[in-house]
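Each remark here refers to the structure printed beneath this line.
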Amino acid sequence: MKRETLFKHAREHYQAEPEYLWSNLPGYAVLRHHDGKKWFGIVMNVPGTKLGLKTEADVDVLEVKIRPEHIGSLRKKEGILPAYHMNKEHWISIVLSGPLSPKEIHDLLSESHKLTNPFVKAKAKFRCPG
């Protein structure tokens, strides 16, 4: 999935525009709740070696918050890594060019949106794809 495709989905479903907060990291974009400003996703371009991959090339990843009880089984899937920037107990990194389908990525982003919503308690609707 291309980051532009992800951003289009975020606009259409969550009214979230990517925000580029750091001038020294122009490829890092935050997705926030439009009414609470809490982050529910971060898109970053990270050298593959910093992610434990065998490439020096930058890799686009999406970090999302996930229920801790789902982290272990999700991290067994190819294309899902420990969080690069956020707390590894609650967040994962998804390789956007990896094998996950757009639906799987959208479902994980949706779960993160629910878990980080400051106004609504997340319901246990998400089913861990495992």
Is at least one residue of region 3-12 within 19 Å of LEU81 (Cα to Cα) and surrounded by fewer than 19 Cβ atoms within 10 Å (Cβ to Cβ)? yes
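For every residue, the table says whether it meets (1) farther than 14 Å from HIS85 by Cα; (2) buried (at least 18 other Cβ atoms within 10 Å of the Cβ); (3) more than 16 Å from the chain's Cα centre (by Cα).
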{"position": "TYR20", "(1), (2), (3)": "yes, no, no"}
{"position": "ARG32", "(1), (2), (3)": "yes, yes, no"}
{"position": "TRP39", "(1), (2), (3)": "no, yes, no"}
{"position": "ILE42", "(1), (2), (3)": "no, yes, no"}
{"position": "THR49", "(1), (2), (3)": "yes, no, yes"}
{"position": "LYS54", "(1), (2), (3)": "yes, no, yes"}
Tell me which residues, restricted to region 103-119, are surrounded by 11 or more Cβ atoms within 10 Å (Cβ to Cβ) and either free of Cβ contacts under 8 Å to residues at least 40 places away in the same chain or more than 22 Å from TYR28 (Cβ to Cβ) (or both). GLU104, ASP107, LYS114, ASN117
Scan region 100-119 for residues that are assigned to a loop (DSSP other than H, G, I, E, B) and either within 10 Å of the chain's Cα centre (by Cα) or over 20 Å from LEU81 (Cβ atoms) (or both) and jot them down. ASN117, PRO118, PHE119
Matching residues in region 1-21 (hydrophobic (A, V, I, L, M, F, W, C) and either without any contact (Cβ under 8 Å) to a residue 40 or more places away in the chain or assigned to a loop (DSSP other than H, G, I, E, B) (or both)) number 4
I'd like to check something: does region 22-29 contain any residue that is outside any loop (DSSP other than H, G, I, E, B), at pLDDT 95 or above and either on the phi > 0 side of the Ramachandran plot or surrounded by 15 or more Cβ atoms within 10 Å (Cβ to Cβ) (or both)? yes
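The values are calculated or read from the model by the stated rules, or taken from the named source; none is laboratory data. Nothing here was measured: the structure is a model prediction, and the numbers come from that model. Using ideal geometry, Cβ is built from the backbone for each residue, glycine included, and neighbour counts are taken over all protein chains shown.
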